[in-house]
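Visitor: Okay, here's the structure, questions in a sec.
The values are calculated or read from the model by the stated rules, or taken from the named source; none is laboratory data. Worth saying up front: this structure is predicted, and the values here are computed from it rather than measured. With ideal geometry, Cβ positions are generated from the backbone for all residues, glycine too; neighbour counts draw on all protein chains shown. To get the accessible areas, we keep the full protein, side chains included, count just its heavy atoms, and leave off ligands, DNA and RNA. Shrake-Rupley method; radii C 1.70, N 1.55, O 1.52, S 1.80 Å.
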Amino acid sequence: MNISKKKISKNISLQTDISLKDSEALVNKFIELIKFNSKKKTVKIHNFGTFTYKTTSKRIGRNPKTKELFKINSFRKLIFKPSNKIKNFINWYNCV
């Protein structure tokens, strides 16, 4: 299931007494804080999950059309690991 920031903002706006513009600002600020604080250390949100940066290793890639090989440099990417409570909820929801 894909969900956009716009849909999250709209749901927040509908379920609370704040405007759509304010809820969009809230979602954007939350994501900005997660990105910024994850660069320094692991960010754990109780009963939700953990955000952390992971460094990938250098590797060889291949263009599937031309079969041409090229080098992919290492880079850092933000990783989210859901808590067991979220995993159990998702698994339960998929079984129903």
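Visitor: Kindly indicate whether any position in region 34-50 is surrounded by 12 or more Cβ atoms within 10 Å (Cβ to Cβ), in contact with a Lys or Arg (Cβ under 6 Å, 6 or more places away or on another chain) and not in a helix (DSSP H, G or I).
Guide: Yes: one or more hits.
Visitor: So, in region 61-96, exactly how many residues are closer than 16 Å to residue 50 by Cα and loosely packed, with under 10 Cβ neighbours inside 10 Å?
Guide: Summing the residues that are closer than 16 Å to residue 50 by Cα and loosely packed, with under 10 Cβ neighbours inside 10 Å in region 61-96 gives 2.
Visitor: So, restricting to strands (runs of 3 or more DSSP E) that lie completely within region 54-96, which ones have at least 1 residues that are more than 20 Å from the chain's Cα centre (by Cα) and closer than 30 Å to residue 43 by Cα?
Guide: Strands (runs of 3 or more DSSP E) meeting the threshold: 59-62, 69-72.
Visitor: Residue 24 versus (1) loosely packed, with under 13 Cβ neighbours inside 10 Å; (2) at pLDDT 95 or above; (3) touching a helix residue (DSSP H, G or I) at 6+ places or on another chain (Cβ under 6 Å): which is the lone unmet condition?
Guide: Failed condition: (1).
Visitor: Give me the residue from region 11-21 that is part of a helix (DSSP H, G or I) and open to solvent by less than 60 Å² (accessible area, probe 1.4 Å) and, out of that set, farthest from residue 77 (Cα to Cα).
Guide: Of the residues in region 11-21, the ones part of a helix (DSSP H, G or I) are 11-15, 20-21.
Keeping just the survivors that are open to solvent by less than 60 Å² (accessible area, probe 1.4 Å) gives 12-13.
Values: 12: 28, 13: 30 Å.
The qualifying residue farthest from residue 77 (Cα to Cα) is 13.
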